[in-house]
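Have a look at the structure below before the remarks.
The values are calculated or read from the model by the stated rules, or taken from the named source; none is laboratory data. Everything numeric in this text was worked out from a predicted model, so none of it was measured. Note: ideal-geometry Cβ built from the backbone for every residue, glycine included; neighbour counts use all protein chains shown.
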Amino acid sequence: MAIRELAPNKWQIDIYSPNGTRRRYTIHGTHEQATAAEKAAMIKFGKTKEKDPQLIDLETPYLEYCENQKAYTDKKNIVRMLMLEFGHLKMSQLNSYLIERYQTKLLKTLKPATANRRISVLKHMISKAADWNMAGDAVVREVKKVKMKKENNARLRYLSKEEADRLLKQFDDYRAKHLKPVIVTALNTGMRLSEIVGLKWENIDLQNNFILLDDTKSGKRREIPINDTVRRELKQVVRRVDLPWVFLHNGKKIGSVKKGFEAACRRAGIHNLHFHDLRHTFASWLVMAGVDLATVKELLGHGSVNMTMRYAHLAPAHKVEALKLLDRINSGYGQSGGV
């Protein structure tokens, strides 16, 4: 048994059976992943006494594999929670019953969407374990049996103008000042948190008043207009020539805003508000101001108008105006002796 590096992130493993026959495998990934594959091969060919790797053995190579993904920090936290639940198990001991029991436990305190994210990560981990010869087909089949729970994405919480003003005042405090331009940008562009904290100065054109996003959830380039409110806020942000990001805290790119955001909400007396609700607020204010749903769809970067329809009920004035058209038609019919 030997591991040789052929090129960066490319490894070759030679396996010799008892009769001297050689099997050669090429592994793409880190040295940790190649070592995990070697270990799995040794188990498969009876060259070690260990019959079955534990799930905890999958943690390090999997996290290295995910390191460059957008939501790496969230995934890292989920993996650690999964290891607390399943890490002690041998790979072959993992079955649909244990996963569904864990799923049921999660649903007692978490929303289906949150529970689904954890199960989804577990499924992906086992899929990669199979690719790396750490898990057999039987384990993969067991994990595939577990079904995701139906999610309810109908939640629509948005701020009134008075609530928004109260919230923004909380960021005048010196400890939270760095978050105020983030909140203002969210309320006036509808950008997602990941898009805002990842925003670079090269994405911003203050001369023509737009933000150009290349890295979006949908994978499509999106051009976002900048209004005067955002323009004023961005002009007050101190630009660091040695760092590309717009929003910084203590000389670093802003990571999590959860602690500061939740503290501001408490001080403002605002309840049941998530950061993503600022995006809902942006859309809701536009619809209530009379902006058509097609335009709101484009500004939000929705893939289809069906996603934007959740805001349709906020435009009652348009429905009233539509019915007034009938009044005018009926009035015309009456004058001409019609129907």
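Some points to look at:
- Candidates in segment 81-91 are the residues that are assigned to a helix (DSSP H, G or I) and in contact (Cβ under 8 Å) with a residue 12 or more places away in the chain; of these, the one that is surrounded by the most Cβ atoms within 10 Å (Cβ to Cβ) is MET91.
- Single residue of segment 142-188 satisfying the filter (surrounded by 13 or more Cβ atoms within 10 Å (Cβ to Cβ) and polar (S, T, N, Q)) that is nearest to VAL121 (Cα to Cα): THR185
- Contact map, segment 264-289: residues that are assigned by TED's automatic domain parsing to the domain that holds ARG192 and in contact (Cβ under 8 Å) with a residue 24 or more places away in the chain paired with residues that are in a helix (DSSP H, G or I) and charged (D, E, K, R), Cβ distance under 8 Å, separation 6+ or inter-chain. Pairs shown: ALA268/GLU163; ALA268/ARG166; ALA268/LYS169; GLY269/ARG166; ILE270/GLU163; ILE270/ARG166; PHE275/LYS258; TRP285/LYS161.
- Within segment 207-229, one or more residues are in a helix (DSSP H, G or I) and not assigned by TED's automatic domain parsing to the domain that holds ARG101.
- Check on ASN68, more than 17 Å from GLY136 (Cα to Cα), at pLDDT 80 or above, in the same structural domain as ARG118 (by TED's automatic domain parsing) and outside any helix (DSSP H, G or I): yes
- One residue from LYS259, LYS297 being free of Cβ contacts under 8 Å to residues at least 12 places away in the same chain and surrounded by 15 or more Cβ atoms within 10 Å (Cβ to Cβ): LYS297
- Take the conditions (1) outside the structural domain of ILE126 (by TED's automatic domain parsing); (2) at negative phi; LYS147 misses just one of them, which is (1).
- Entry remark, segment 125-141: residues being of a type outside the set (Lys, Arg), over 24 Å from the mean Cα position of the chain (by Cα) and surrounded by 11 or more Cβ atoms within 10 Å (Cβ to Cβ) number 10 in total.
- Members of segment 229-249 found to be free of Cβ contacts under 8 Å to residues at least 24 places away in the same chain and under 18 Å from ALA176 (Cα atoms), listed by number: VAL238
- Qualifying residue in segment 163-170 (condition: among the hydrophobic types (A, V, I, L, M, F, W, C), more than 29 Å from PHE210 (Cβ to Cβ) and under 26 Å from the mean Cα position of the chain (by Cα)): no
Yes or no, residue by residue, for (1) touching a strand residue (DSSP E or B) at 6+ places or on another chain (Cβ under 7 Å); (2) modelled with pLDDT of 90 or more; (3) within 23 Å of ASP14 (Cα to Cα); (4) among the polar types (S, T, N, Q):
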{"site": "GLN33", "(1), (2), (3), (4)": "yes, no, yes, yes"}
{"site": "MET42", "(1), (2), (3), (4)": "no, no, yes, no"}
{"site": "LYS47", "(1), (2), (3), (4)": "no, no, yes, no"}
{"site": "LYS51", "(1), (2), (3), (4)": "no, no, yes, no"}
{"site": "ASN77", "(1), (2), (3), (4)": "no, yes, no, yes"}
{"site": "MET81", "(1), (2), (3), (4)": "no, yes, no, no"}
{"site": "LEU89", "(1), (2), (3), (4)": "yes, yes, no, no"}
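- Residue count for segment 216-243, restricted to those that are within 27 Å of GLU298 (Cβ to Cβ) and over 21 Å from the mean Cα position of the chain (by Cα): 12
- Any hit, segment 146-156, residues being over 30 Å from ARG192 (Cα atoms) and either hydrophobic (A, V, I, L, M, F, W, C) or at pLDDT 95 or above (or both): yes
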